[in-house]
1. Kindly list, by first and then second residue, each pair from a residue in region 272-296 that is free of Cβ contacts under 8 Å to residues at least 12 places away in the same chain to a residue that is part of a helix (DSSP H, G or I), limited to pairs with Cβ atoms under 6 Å and residues at least 6 apart or on different chains.
2. Take region 41-56 and flag every residue that is touching a residue at least 12 places away in the same chain (Cβ under 8 Å) and either in a loop (DSSP other than H, G, I, E, B) or hydroxyl-bearing (Ser, Thr, Tyr) (or both).
3. Within region 179-189, is there a residue that is without any contact (Cβ under 8 Å) to a residue 12 or more places away in the chain, surrounded by fewer than 17 Cβ atoms within 10 Å (Cβ to Cβ) and either outside the structural domain of LEU90 (by TED's automatic domain parsing) or assigned to a loop (DSSP other than H, G, I, E, B) (or both)?
4. Could you please let me know if LYS156 is in a loop (DSSP other than H, G, I, E, B), under 25 Å from PRO94 (Cα atoms), assigned by TED's automatic domain parsing to the domain that holds ASP73 and not hydroxyl-bearing (Ser, Thr, Tyr)?
5. Taking interchain pairs and intrachain pairs at least six residues apart, which have beta carbon atoms under 9 angstrom, with the first residue in region 138-165 and free of Cβ contacts under 8 Å to residues at least 12 places away in the same chain and the second assigned to a helix (DSSP H, G or I) and surrounded by fewer than 18 Cβ atoms within 10 Å (Cβ to Cβ)?
6. Inside region 244-274, can you point out the residues that are under 28 Å from the mean Cα position of the chain (by Cα), within 18 Å of VAL335 (Cα to Cα) and loosely packed, with under 14 Cβ neighbours inside 10 Å?
7. Tell me the strands (runs of 3 or more DSSP E) entirely within region 273-373 that contain at least 2 residues that are closer than 29 Å to THR185 by Cα.
8. Going by the structure shown, is LYS154 at pLDDT 95 or above, touching a helix residue (DSSP H, G or I) at 6+ places or on another chain (Cβ under 6 Å) and at negative phi?
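The values are calculated or read from the model by the stated rules, or taken from the named source; none is laboratory data. Quick caveat: nothing in here was measured; it's all calculated off a predicted structure. Using ideal geometry, Cβ is built from the backbone for each residue, glycine included, and neighbour counts are taken over all protein chains shown.
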Amino acid sequence: MTTVRRSRTALSIAMSFLALFLFSQALFAATINTNAHPVARITKPVNDGKRVVLPGHVPRVIANASITGKAIDMGRIDPSTPLQGMRIVLQSSPEQARELRRVLDEQQDKRTGNFHQWVTPEEFGSSFGVHDDDIQQVTKWLTKHGFTVDNVTKSKRVIQFSGTSGQVEEAFQTSIHSYQVKGETHVSASTDISVPEALAPVISGVDGLHNFFRKSHMVGEQKLSDLQNNLKLGGPYYTSSSSVHYVGPADFATIYNTTPLLAAGINGTGQTIAIVGRSDILMSDVQTYRQMFNLPVNDPIFIHAGQDNGVNGGDDGESDLDVEISGGVAPNATVKFVIGTPTFLVDGITNSIEYIVENNLADIMSISYGSCEEVEGAGGNAFNL
């Protein structure tokens, strides 16, 4: 059973998806009002000799290593090292981007015809994705450099591919090194990558060139001594008791005044919440939580996006919390917990997110992982669908 205290950030996330299930319709295919459509933008011959640098592919701790000394370069890794599940993140045209922004705003505006007109991944791709001819050009370039193209997402915004470290170095004109950071071994591109100038209009970046994976935002119990030290340092002091407080489903309903809604039957019935994760959890933990708080029997559905790697210490507590609280806030909702399997340089969280979106799995997606400061500065290739 999970007995950790929810942080303000994580509680805000829970509140966000509560608002979504209370006030949104279920996800369904719809026709949105837009004239956006893909237009071929790769108009020049692909010449590897004429290249464009794509910034943002080196984590800050690596980029600033010569100044801070926090990262020790251990040298280039074996070029035969297999790298699986990397993603080229594609970008829409400026015209598509402006139209997408308008549609997203109107989907939340009751005064417009696009209000709550959700779309499937395929429909998104047909309006805001990259043209099939351009995708073919990019995949042809990848295979030319020895990569295997694993998948093109339905959104037409991501190409998944696999190869070796040496192939990445040759194709993207970078070097993959091993680093020691705070006693841990990490692998990362040592310099920003580049792509042929002809392909640059449709390529935003590459995800899967370092293993500084997303971190849990879970906050555990604080000791009274920690709070007293906080007070001495000018920090907040919230309590004079043991300092440990737990928020159950009824407390949440009282704090956010959702009790009348729950009593009226607005309790998640007919809605699906997908929880992003990368570690197995025990079904018995969730069942015990629901029994403790007198919630109806409603087991979550576990889905593995990849092979089952079992319990990942440090992540299972976060996922316990996310699955339990989502089911506590919306006790009749279907909760699908998607466990993403990491590869050498691809975060399991990335694989979980892609699986949820690609399979149109849920009305709501909840994620409580984020990048740490060490990765900030590597945002140019942010994984977006």
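1. none
2. ARG41, ILE42, THR43, LYS44, PRO45, VAL46, ASN47, ASP48, LYS50, PRO55, GLY56
3. Yes: region 179-189 contains one or more residues that are without any contact (Cβ under 8 Å) to a residue 12 or more places away in the chain, surrounded by fewer than 17 Cβ atoms within 10 Å (Cβ to Cβ) and either outside the structural domain of LEU90 (by TED's automatic domain parsing) or assigned to a loop (DSSP other than H, G, I, E, B) (or both).
4. yes
5. ASN151/GLU358
6. THR269, GLY270
7. Per the criteria, 301-305, 334-340.
8. Yes; evaluated as a whole, the condition is true for this residue.
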